[in-house]
Amino acid sequence: MSDPSVQPSKPISPAVAVVQPGTGRWRTRLLPVATFLALLGLWQLAVIVSKTDILPSPLQVGKGLVELAQRGLLLKYVVASLFRVSWGFLLAVVIGWPVGLALGWYSAAFRAFNPLIQVLRPISPIAWIPLAILWFGISDLAPIFLIFMASFFPIVVTAAAAVRTIPPIYLRVAANFGLSRGELFRLVIFRATLAQVVTGLRIALGVAWMVVVAAEMIAVDSGLGYLIVDARNAGKRYDLVVAGMVLIGLVGLALDLLLRRIENLPDVRCGEERPA
Amino acid sequence: MRYFSVNDSAGMTVLRDISFDVTQGEFVCIVGPSGGGKSTLLNLLGGFLSPSEGEILVNRKPVRGPSAERLFIFQDSSLFPWLTVAENISLGARHRTPIEREAIVEDYLRRMGLSGFARAYPRELSGGMRQRVELARALAAGPEVLYMDEPFGALDFITRMNMRNEIVRVWQVEKKTIFFVTHDLEEAVQIADRIIVMGSRTQGIQADIRVTLPRPRDVDSPDYLATRDRLYRMMGISLKVGQPVE
């Protein structure tokens, strides 16, 4: 008596289901790459034609990247920034996720702490820099603290909101089946909020990455943020400044893609279609 | 022999002076107009609400709250979307040994025509299939009573007819006591042993009809039509559709 209209299928990827000219995978890759190269070319042309010295050309930036690699700084600075972001972010995840879930579940706790969180959250992490330096000095701890502050609140807020928006029907089913507290948490609360929280983590990581760059500009002497500030101060090397920006963009993208990978795991998606 | 009695009025007096007995294995439909307290009654019987007066007994023991012995099935699927079909079904069997659990899940997958969908997620299934998974999940827990609140209301006509067959078949095999709330009188006559007709708010039970038609119910038979017409008249529904305006 099975239903003939449903196949136990994997979602069909758009490239196969939509049969239109010009939407093959080759084409979808080609368009952004071609656009990018075209803009790069325009940039190069603009610099050459205007003979400007306030904007490096793509070629100069590229040479700057090579120089950084040869001096061993490229890897060193990327690793330094990643190190700080990882520690600050992971600390925020490990502490913030459970705290967020708890706040979402226990309404008294939520009522108690939510106003405080709403007040602290909009304070830009940059505003915490002076206090961070005061408390932790010029060391890795200051940026790590800043990254923690930047990531902690979004994670807590997302987790709490996710718990509070669990459709009550699921809690009723859990009560009906006699789920214990542990089972309720493991099988329902944690799993029901997982997708939302992971998305929140991805966004928080994006913020964290921006913060680390800002933090490094002020508080330490290594890392990509420091690279940008130092390149300018120590010799007006704007080619290295832009090279640093490129690196920041690329690493930030890589981090985002990594979290998207996690978001798209079948256990997290649970049958929801992937965004195109 | 199992039976229970209900005497109840609640809150803004949603229900007043309700009382009836049900024997084990009966298929009871509760019909009535919207807002008449059908769902409230169901929740009371299942233990999700307490009566302000009187008591509800199952097997002569009072009902004190929700329990896996009294499982509900709703209209909009309440399957956990983050669990696969198999994982949902195994919810009721989670206290068994892994081997037993797997056997139970396999069994119900097969019986409800869900073989091959064990690892699908509810999102990937049609409405009818989801209701079947819900049934499987409830049955796998081995409850004493099933409480179904307009479970087929969101399904298309054909699927609904199929599901009626399904629920009667399941009931004949599993021999559970079933309380089935529906606003569809035809549905009630097609599947129930007994139809409790509720009036609107606080009017209480208008009628308690035993349906003795043999199964499978023949929708064309005069006896079926007579029973159905009786219900229609009781609810004040005309048998002529499209009466011209006076």
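Just so you know, all these numbers are worked out from the coordinates, no wet-lab data involved. Note that this is a predicted model, so its numbers are computed, not measured. Here Cβ is always computed from backbone atoms with ideal geometry, including for glycine, and neighbour counts include all displayed protein chains.
Tabulated results
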{"quantity": "Peptide B:92-105 - average C-beta neighbours from other chains (10 Å radius)", "calculated": "1"}
{"quantity": "Over region A:56-269: Kirkwood hydrodynamic radius from C-alpha pairwise inverse distances, Å", "calculated": "18.9"}
{"quantity": "Semi-axes of the equivalent ellipsoid for chain B, Cα gyration tensor, largest first, Å", "calculated": "31, 23, 16"}
{"quantity": "All Cα pairs of the protein assembly as shown, percent lying beyond 42 Å", "calculated": "43"}
{"quantity": "Label-point gap, in nm, between residue A:107 and residue B:107 - each point 7 angstrom along Cα→Cβ", "calculated": "4.1"}
{"quantity": "Spin-label pair residue B:218/residue B:50, simplified geometry with 7 Å Cα→Cβ offset, distance in nm", "calculated": "5.1"}
{"quantity": "Rg/Rh (Cα only; Kirkwood hydrodynamic radius) as it applies to region A:131-177", "calculated": "1.40"}
{"quantity": "Test item: Cα-centred dipole of the protein assembly as shown, Lys/Arg +1 and Asp/Glu -1 on Cβ, debye", "calculated": "980"}
{"quantity": "More than 13 Å apart - percent of Cα-Cα pairs taken over region B:83-142", "calculated": "52"}
{"quantity": "Per-pair calculated FRET efficiency, R0 = 22 Å: residue A:71 and residue A:254 via Cβ, rounded to 0.05", "calculated": "0.50"}
{"quantity": "Highest-first arrangement of A:249-259, A:74-84, B:144-154, where packing means the average Cβ count within 10 Å", "calculated": "B:144-154, A:74-84, A:249-259"}
{"quantity": "Computed FRET value (nearest 0.05) for residue A:134 with residue A:52, which takes r as the C-beta separation and R₀ as 35 Å", "calculated": "0.25"}
{"quantity": "Most mobile listed residue (A:123, A:169, A:147) in chain A, GNM with C-alpha springs under 10 Å", "calculated": "A:169"}
{"quantity": "Theoretical FRET efficiency, 1/(1+(r/R0)^6), r = Cβ-Cβ of residue B:95 and residue B:115, R0 25 Å, to 0.05", "calculated": "0.50"}
{"quantity": "Protection proxy ranking, peptides A:102-108, A:53-59, B:188-194, average beta carbon neighbours within 10 Å, highest first", "calculated": "B:188-194, A:102-108, A:53-59"}
{"quantity": "Other protein chain Cβ atoms within 10 Å, averaged over every residue that makes up B:59-72", "calculated": "2"}
{"quantity": "Cβ neighbours within 10 Å from other chains - mean over A:168-175", "calculated": "5"}
